[in-house]
């Protein structure tokens, strides 16, 4: 997709979401270069358990993980970001012959890919800029080997159910019948642990949430004022998810490419969901495409890394 096409798609999605009765913005637009760096900061926060817990699971079980992945592995990572957790696999597994990071943020993606190629000269690094939540073309010449889709961080929890289904279709196509899927899944736990993780005391999550407006301003030449919005994250018990919002703290209007959007004081923009699952719930969700073959968890059962194979 060209930059012109990306801008058109972004404009359609932004205006579509902001004209709904419950205003919303697609969470993928958190992730320009600044947003990706802010998320990296979030992962280092004391309150934010998912990253350190998943890293611990990876490190403690990397030998077992390698045995499940098989030989001559082509590791494919949608939404690769900084590829931080992937480094654990690249450093410890001799059976990974190639790595294909996929991300919507092109500049950040290619910078990380260059760093990785220097760190791991024996592994073929082939970055691909794409929106992995939609159908996209793989590299014209994919590295040879067993395709294993790696999707850490429980990003799957950010998807609505129809997007989960669409994403699993994409993953199944990439992996094909001979491949596999290695995915991080956040588990249900104490409500306060969840709330603290998305309302950190340093305000990094708030800055990350507001960055979606900064990103839209930059690409679409809109005039969102970040100071007119406040961050909020709440737990929805019925839906089993954290919901993030930007709350308008004063009535005003925003211009976006010639369209005016009015905001009332107290009105909320829904920016992200983060669903949490039980192991049985997640197994049921993926069952049309994959069978869960192995689950690794931490001592608190807060987080899981799951190895799936196509049916």
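The values are calculated or read from the model by the stated rules, or taken from the named source; none is laboratory data. Given the structure is predicted, the values throughout are model-derived calculations rather than measurements. Here the Cβ is made from the backbone with ideal geometry for all residues, glycine too, and neighbour counts use every protein chain on show.
Tabulated data
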| quantity | calculated |
| --- | --- |
| Subset of region 277-292 (residues that are part of a loop (DSSP other than H, G, I, E, B) and crowded, with 16+ Cβ neighbours inside 10 Å) | 289 |
| Residues within region 69-85 that are within 18 Å of residue 114 (Cβ to Cβ), in contact with a strand residue (DSSP E or B) (Cβ under 8 Å, 6 or more places away or on another chain) and not in a strand (DSSP E or B), tallied | 3 |
| Lone unmet requirement of (1) out of contact with any strand residue (DSSP E or B) (no Cβ under 9 Å at 6 or more places or on another chain); (2) part of a loop (DSSP other than H, G, I, E, B); (3) closer than 28 Å to residue 7 by Cα for residue 139 | (1) |
| In region 87-109, residue surrounded by the most Cβ atoms within 10 Å (Cβ to Cβ) [restricted to those that are in a helix (DSSP H, G or I) and at pLDDT below 95] | 109 |
| Some residue of region 64-86 being more than 15 Å from residue 307 (Cα to Cα), in contact with a helix residue (DSSP H, G or I) (Cβ under 7 Å, 6 or more places away or on another chain) and surrounded by fewer than 17 Cβ atoms within 10 Å (Cβ to Cβ) | no |
| Flag if residue 246 is within 21 Å of residue 43 (Cα to Cα), modelled with pLDDT of 95 or more and within 18 Å of the chain's Cα centre (by Cα) | no |
| Single residue of 38, 15 found to be in contact (Cβ under 8 Å) with a residue 24 or more places away in the chain, in a helix (DSSP H, G or I), over 19 Å from the mean Cα position of the chain (by Cα) and not assigned by TED's automatic domain parsing to the domain that holds residue 306 | 15 |
| Flag if residue 216 is assigned by TED's automatic domain parsing to the domain that holds residue 183 and under 21 Å from the mean Cα position of the chain (by Cα) | no |
